[in-house]
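*Asks:* Take a look at the following structure, please.
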Amino acid sequence: MSQFMETFLALRDEKRFADIIAAVPYARLMGVECGEDENGELLFWLPFAERNVGNTTLPALHGGLIGGFLENAALLHLMWNRESREAPKIVDFSLDYLRSGKATTLYAQCEITKQGKRVAHVLIEAWQEDRRKPVAVARAHFLLSTPS
Amino acid sequence: MTEQAPANEKLLATAGALFVSFPHCVTLGMQYLGNVGRKPTLKVAWRDDLVGNPASGVLHGGVITSIVDTCSAIAVTAHMDELETIATLDLRIDYLKAATPGKAIYCTAECYRLASQIAFTRAVCYHDSPDDPIAHGVATFMRDSNPKPMLAEGAA
């Protein structure tokens, strides 16, 4: 087991959300926060920050930043909900941008569509004020094991 | 093979400089290295606060997404006579192999089809050579997505 997974699983068991984000340097740089919603499902949010803006004339959150936020959410969601002691590896990531990301908090929640022996499929949805009006939807494949 | 020249060389240079000046790109330390024909190249130097997995030191996939998105958008402007606002419609990244910790990431993109409303792009990310890629990205962009100009009039 990697040191990263060891750290993560210890933090997960104690639900130390802020420390989980702090353990992923780029998630910390983006300013990601996470916690559980009323159903006990993992919820991610990204308070608006000037440094995350792409086009400044609109202004809109950078598309790549939205992608990074969602990919990070998918990985942590998968690690949170698995018992494996091996860190999943991303294989591919596909993202549809539906609305521009405004200068306000961006939320994301994930769903594990399929978890096989070797591969997991995760759906991710991002929204701002209204969940029925998603800013982006994405899906990712992760490799779950390395051949021995 | 000779590369096709940009539709507007000055516009491409201006767009390249403009797109990497956006706050998120500055946060990542993104640099516009120039273009060969209509293919721009960007660079992000390895930095410890861009890491995804601290145990391995490998850069976060989100950094790849950002460099692909930005470089692909610049590639679209290589086909334009005048700058129009474009918006990413969708983006797919294939992670071909893990990035090497400590090494800078380069991205070269091209717009292989500019239709009246949509631009289609592909990009590769690599350390040393585009022939040895670490990630591949395809994207589509909506043209003329916002009437608000991105540049002051007469800037390119």
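The values are calculated or read from the model by the stated rules, or taken from the named source; none is laboratory data. Because the structure is predicted, anything quoted here is derived from the model rather than measured. Every residue, glycine as well, gets a Cβ built from its backbone with ideal geometry; the counts of neighbours run over all protein chains shown.
*Asks:* Would you check if there is a residue in segment B:85-107 being at positive phi, assigned to a loop (DSSP other than H, G, I, E, B) and modelled with pLDDT of 95 or more? Let's see the steps before the verdict.
*Replies:* In the first step, residues of segment B:85-107 are kept if they are at positive phi; the result is B:102.
In the following step, the residues that additionally are assigned to a loop (DSSP other than H, G, I, E, B) were identified as B:102.
Checking the rest, the ones that are also modelled with pLDDT of 95 or more come to B:102.
For segment B:85-107, residues at positive phi, assigned to a loop (DSSP other than H, G, I, E, B) and modelled with pLDDT of 95 or more: present.
*Asks:* Looking at segment B:136-145, can you tell me whether even one residue there is at pLDDT 95 or above, over 12 Å from the mean Cα position of the chain (by Cα), surrounded by fewer than 16 Cβ atoms within 10 Å (Cβ to Cβ) and assigned to a loop (DSSP other than H, G, I, E, B)?
*Replies:* For segment B:136-145, residues at pLDDT 95 or above, over 12 Å from the mean Cα position of the chain (by Cα), surrounded by fewer than 16 Cβ atoms within 10 Å (Cβ to Cβ) and assigned to a loop (DSSP other than H, G, I, E, B): absent.
*Asks:* Let me ask something additional. Look through segment A:125-136, keep the residues that are within 21 Å of A:C34 (Cβ to Cβ) and in contact with a Phe, Trp or Tyr (Cβ under 9 Å, 6 or more places away or on another chain), and return whichever of them is farthest from the other protein chains (Cβ to nearest Cβ). Step through it out loud before you land on a result.
*Replies:* So the first thing to find is which residues in segment A:125-136 are within 21 Å of A:C34 (Cβ to Cβ), and the list is A:125-131, A:134-136.
Then drop every residue that is not in contact with a Phe, Trp or Tyr (Cβ under 9 Å, 6 or more places away or on another chain), which leaves A:125-128, A:131, A:134-136.
On the way: A:E125: 15, A:A126: 13, A:W127: 17, A:Q128: 16, A:R131: 21, A:P134: 13, A:V135: 12, A:A136: 9 Å.
Here the answer is A:R131.
*Asks:* Here's a check for you: in segment B:49-66, which residue that is more than 7 Å from chain A (Cβ to nearest Cβ) and crowded, with 24+ Cβ neighbours inside 10 Å is farthest from B:A104 (Cα to Cα)?
*Replies:* Taking segment B:49-66 and keeping what is more than 7 Å from chain A (Cβ to nearest Cβ), we get B:56-59, B:64.
Subsequent filtering for residues that are crowded, with 24+ Cβ neighbours inside 10 Å retains B:59, B:64.
On the way: B:L59: 10, B:I64: 11 Å.
Once the filter is applied, the top-ranked residue is B:I64.
*Asks:* Anything in segment B:1-32 that is away from chain A (no Cβ under 14 Å), crowded, with 17+ Cβ neighbours inside 10 Å and part of a helix (DSSP H, G or I)? List them, or say none.
*Replies:* The answer is B:L11, B:L12, B:A13, B:T14, B:G16.
*Asks:* State which residue pairs qualify: first residue within 22 Å of A:L75 (Cβ to Cβ) and inside segment A:129-143, second residue part of a loop (DSSP other than H, G, I, E, B) and of a type in the set (A, V, I, L, M) in any location, beta carbons under 9 Å apart, and separation of 6 or more residues or different chains.
*Replies:* Close Cβ pairs satisfying both conditions: A:P134/A:L98; A:V135/A:L98; A:A136/A:L98; A:V137/A:L98.
*Asks:* Also: Could you please find all residues in segment A:42-69 being more than 22 Å from B:F19 (Cα to Cα) and either within 13 Å of the chain's Cα centre (by Cα) or aromatic (F, W, Y) (or both)? Give the derivation first.
*Replies:* Applying the first criterion (more than 22 Å from B:F19 (Cα to Cα)) to segment A:42-69 yields A:42-47.
A:L42, A:L43, A:F44, A:W45, A:L46, listed by residue number.
*Asks:* Here is a further query. Where the second residue is in a loop (DSSP other than H, G, I, E, B) and the first is without any contact (Cβ under 8 Å) to a residue 60 or more places away in the chain and lies in segment B:1-12, which pairs have Cβ atoms under 6 Å and are six or more apart or on separate chains?
*Replies:* Going by the 6 Å Cβ cut-off, the qualifying pairs are B:E3/B:G37; B:Q4/B:G37; B:Q4/B:R38.
*Asks:* A:N72: in a helix (DSSP H, G or I), facing chain B (nearest Cβ under 7 Å) and polar (S, T, N, Q), yes or no? Show your work before the answer.
*Replies:* Values: in a helix (DSSP H, G or I): yes; facing chain B (nearest Cβ under 7 Å): yes; polar (S, T, N, Q): yes.
Criteria met by A:N72.
*Asks:* Every residue in segment A:83-124 that is part of a loop (DSSP other than H, G, I, E, B), touching a residue at least 60 places away in the same chain (Cβ under 8 Å) and more than 14 Å from every other protein chain (Cβ to nearest Cβ), please. Spell out how you get there, then give the answer.
*Replies:* Going through segment A:83-124, the residues part of a loop (DSSP other than H, G, I, E, B) turn out to be A:83-88, A:98-105, A:116-118.
Of the ones still in play, those that are also touching a residue at least 60 places away in the same chain (Cβ under 8 Å) are A:84-87, A:105.
The answer is A:S84, A:T105.
*Asks:* Could I ask something else about it? Which condition breaks for B:I74 when tested against (1) buried (at least 24 other Cβ atoms within 10 Å of the Cβ); (2) within 12 Å of chain A (Cβ to nearest Cβ)?
*Replies:* With respect to (1) buried (at least 24 other Cβ atoms within 10 Å of the Cβ); (2) within 12 Å of chain A (Cβ to nearest Cβ), B:I74 is out only on (2).
*Asks:* Right, here's the next one. Here are B:D144, B:D81: which of them is more than 14 Å from every other protein chain (Cβ to nearest Cβ), over 17 Å from B:L42 (Cα atoms) and among the acidic types (D, E)?
*Replies:* Numbers: B:D144 fails: more than 14 Å from every other protein chain (Cβ to nearest Cβ).
Selected residue: B:D81, the only one of B:D144, B:D81 that is more than 14 Å from every other protein chain (Cβ to nearest Cβ), over 17 Å from B:L42 (Cα atoms) and among the acidic types (D, E).
*Asks:* Of everything in segment A:55-78, what is modelled with pLDDT of 95 or more and over 13 Å from A:I124 (Cβ atoms)? Give them in sequence order. Lay out the reasoning, then the answer.
*Replies:* First, pick out the residues of segment A:55-78 that are modelled with pLDDT of 95 or more: A:61-78.
Residues satisfying the conditions are A:L61, A:H62, A:G63, A:G64, A:L65.
*Asks:* Then there's this: Restricting segment B:44-74 to residues that are in a helix (DSSP H, G or I) and more than 20 Å from the chain's Cα centre (by Cα), which is nearest to A:D96 (Cα to Cα)? Outline the logic, then answer.
*Replies:* First pass over segment B:44-74, keeping only residues in a helix (DSSP H, G or I): B:48-50, B:61-74.
Next, from what is left, pick out any that are more than 20 Å from the chain's Cα centre (by Cα): B:48-49.
Values: B:D48: 29, B:D49: 27 Å.
Taking the candidates together, the pick is B:D49.
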